[in-house]
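A short worksheet on the structure shown next.
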Amino acid sequence: MITLNKEIIVIKKEQDVVFFRNRVNEYAEKIKMGLLNKTKLLTAASELVRNMLIYAKEGKVICEIVTISALQTGIRLTFIDNGPGIADIDKAMTDGYTTGKSLGLGLPGAKRLVNIFDLKSVKGKGTTVSITKWKNG
Amino acid sequence: MEKIPILKMGGYLLVTIQVDLYDRLALNLESDLVNMINKHSSKGVLIDISAVNIVDSFMGRILGNIAQMSKILDAHTVVVGMQPAVAITLIELGLPLSGVHTALNVEKGMVLLQEKLLGDDTVITDDTDDNT
Ligand SMILES: Nc1ncnc2c1ncn2[C@@H]1O[C@H](COP(=O)(O)OP(=O)(O)OP(=O)(O)O)[C@@H](O)[C@H]1O
Ligand SMILES: [Mg+2]
């Protein structure tokens, strides 16, 4: 995968989320991503950035325009935090599993909405989630 | 502090969400609406989300909460104008918005609300032509 464009956005408070979502929206428009794909990407991003704020208090997102061929361009977002980490990743990826009082939809739902989903977490060290959404498909 | 305006129209409350929603703003809308329904004994709430580009699990849950709480306060809630891409995304996310009434636009939403109110009346009192 080749990166065409890269930017790092720091997330510390809720207002940063609005800025971040707008930025992702701009990237999606830049590569002319279709409306449905863009909506799915933005929604997945919204779930992951909220997790970062709630469970790790803060973090950063690397936003990239990536390409694998002349025909396939997409957006990759990598959410990096130094929070408490996730003890049981399989559980966390299950619909309905939450350590809060929530619905436990964020992680499994975000995975369904994107093309590539990669979660790495070390307990006590932090969590990194990377998602990629292709412009087409 | 930013606020989403709530318009009172007779027995109804009308909310048009025009700004980018973040969690605090959505939570404030929820509590403001509950207060307004209570204060004015409103019978119906219409929430226009046609300008909203993302409804994630948090926002979806708030819409569900509003619908549920308005029911407890004897009011109906109809969410109107959800963009098709948003509706598809919500289903894939795993949040089907059960319990929330939806309509295509404000006019259709109003019709739906009025039907619901008439329905209420026939259940409680059977022959009244004054339903305001
Ligand atoms: N960045 C993170 N750092 C630490 N723990 C996390 C992180 N993201 C998710 N988790 C853990 O994984 C669980 C599942 O996350 P998920 O987003 O699926 O559900 P939720 O946040 O609990 O509920 P919802 O997203 O539906 O509101 C969380 O309850 C939390 O324990
Ligand atoms: Mg979550």
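The values are calculated or read from the model by the stated rules, or taken from the named source; none is laboratory data. Computed from a prediction, not measured in an experiment: that's the story for all the values here. Glycine gets a Cβ as well: all are built from the backbone with ideal geometry, and neighbour counts include every protein chain shown. Keep in mind that these areas ignore ligands, DNA and RNA; they rest on the heavy atoms of the full protein, side chains included. Shrake-Rupley method; radii C 1.70, N 1.55, O 1.52, S 1.80 Å.
Pairs needed: first member in the range B:76-98, at the interface with chain A (Cβ under 10 Å from one of its Cβ atoms); second member anywhere, open to solvent by less than 20 Å² (accessible area, probe 1.4 Å) and of a type in the set (Asp, Glu); C-beta distance under 9 Å; at least 6 residues apart or different chains.
Correct list of pairs: B:Thr89/B:Asp56; B:Leu90/B:Asp56; B:Leu93/A:Glu47; B:Leu93/B:Asp56; B:Leu95/B:Asp56.
When you scan the range A:74-84, how many residues do you find that are away from ligand 2 (no atom under 15 Å from the Cβ) and not β-branched (Val, Ile, Thr)? Give the steps one after another, and end with the answer.
Of the range A:74-84, the ones away from ligand 2 (no atom under 15 Å from the Cβ) are A:74-78, A:80, A:82.
Now restrict to residues that are not β-branched (Val, Ile, Thr): A:74, A:76-77, A:82.
Number of matching residues: 4.
How about the range A:117-136: which of its residues are open to solvent by 70 Å² or more (accessible area, probe 1.4 Å) and either in contact with a helix residue (DSSP H, G or I) (Cβ under 9 Å, 6 or more places away or on another chain) or closer than 16 Å to A:Glu47 by Cβ (or both)? Spell out how you get there, then give the answer.
Just the residues of the range A:117-136 that are open to solvent by 70 Å² or more (accessible area, probe 1.4 Å), to begin with: A:120, A:122-123, A:125, A:136.
Listed by number, the residues that qualify are A:Lys120, A:Asn136.
Applying the selection to the range B:1-60, what residues are touching a residue at least 60 places away in the same chain (Cβ under 8 Å) and among the basic types (Lys, Arg)?
Across the range B:1-60, the qualifying residue is only B:Lys43.
Do you know which residues across the range A:51-70 are open to solvent by 20 Å² or more (accessible area, probe 1.4 Å) and either within 15 Å of ligand 1 (Cβ to nearest atom) or touching a Phe, Trp or Tyr at 6+ places or on another chain (Cβ under 9 Å) (or both)?
If the condition is that a residue be open to solvent by 20 Å² or more (accessible area, probe 1.4 Å) and either within 15 Å of ligand 1 (Cβ to nearest atom) or touching a Phe, Trp or Tyr at 6+ places or on another chain (Cβ under 9 Å) (or both), then A:Asn51, A:Leu53, A:Ile54, A:Tyr55, A:Lys57, A:Glu58, A:Lys60, A:Ile62, A:Ile68 are the ones that fit.
Listed residues B:Asn105, B:Asn53; which is among the polar types (S, T, N, Q) and within 14 Å of chain A (Cβ to nearest Cβ)? Full working, then the answer.
Values: B:Asn105 fails: within 14 Å of chain A (Cβ to nearest Cβ).
Checking each option against the conditions leaves just B:Asn53.
So if I check each of A:Leu71, A:Leu41, which one is at the interface with chain B (Cβ under 10 Å from one of its Cβ atoms) and away from ligand 2 (no atom under 16 Å from the Cβ)? Talk me through it step by step, then tell me what you get.
Values: A:Leu71 fails: at the interface with chain B (Cβ under 10 Å from one of its Cβ atoms).
That would be A:Leu41, the only listed residue that is at the interface with chain B (Cβ under 10 Å from one of its Cβ atoms) and away from ligand 2 (no atom under 16 Å from the Cβ).
Looking at (1) more than 14 Å from chain A (Cβ to nearest Cβ); (2) of a type in the set (A, V, I, L, M, F, W, C); (3) under 26 Å from A:Gly104 (Cα atoms), which is the only condition B:Met36 fails?
Among (1) more than 14 Å from chain A (Cβ to nearest Cβ); (2) of a type in the set (A, V, I, L, M, F, W, C); (3) under 26 Å from A:Gly104 (Cα atoms), B:Met36 violates only (3).
Could you please let me know if B:Asp120 is away from chain A (no Cβ under 14 Å), part of a loop (DSSP other than H, G, I, E, B) and not basic (Lys, Arg)?
Numbers: away from chain A (no Cβ under 14 Å): yes; part of a loop (DSSP other than H, G, I, E, B): no; not basic (Lys, Arg): yes.
It is false that B:Asp120 is away from chain A (no Cβ under 14 Å), part of a loop (DSSP other than H, G, I, E, B) and not basic (Lys, Arg).
Please count how many residues of the range A:1-26 are among the aliphatic types (A, V, I, L, M) and open to solvent by less than 20 Å² (accessible area, probe 1.4 Å). So that I can check it myself, show each step before the final result.
Within the range A:1-26, the first condition is being among the aliphatic types (A, V, I, L, M), and the residues that meet it are A:1-2, A:4, A:8-11, A:17-18, A:24.
Those left that are additionally open to solvent by less than 20 Å² (accessible area, probe 1.4 Å): A:9, A:11, A:17, A:24.
Qualifying residue count, the range A:1-26: 4.
Please verify whether A:Glu29 is within 16 Å of ligand 2 (Cβ to nearest atom), surrounded by fewer than 22 Cβ atoms within 10 Å (Cβ to Cβ) and either farther than 18 Å from A:Thr98 by Cβ or at pLDDT below 95 (or both), treating the condition exactly as stated. Please lay out each step first, then the result.
Values: within 16 Å of ligand 2 (Cβ to nearest atom): no; surrounded by fewer than 22 Cβ atoms within 10 Å (Cβ to Cβ): yes; either farther than 18 Å from A:Thr98 by Cβ or at pLDDT below 95 (or both): yes.
The answer is no for A:Glu29.
Applying the selection to the range A:90-113, what residues are closer than 17 Å to B:Val55 by Cβ and either open to solvent by 30 Å² or more (accessible area, probe 1.4 Å) or more than 12 Å from ligand 2 (Cβ to nearest atom) (or both)?
A:Ser102, A:Leu103, A:Arg112, A:Leu113
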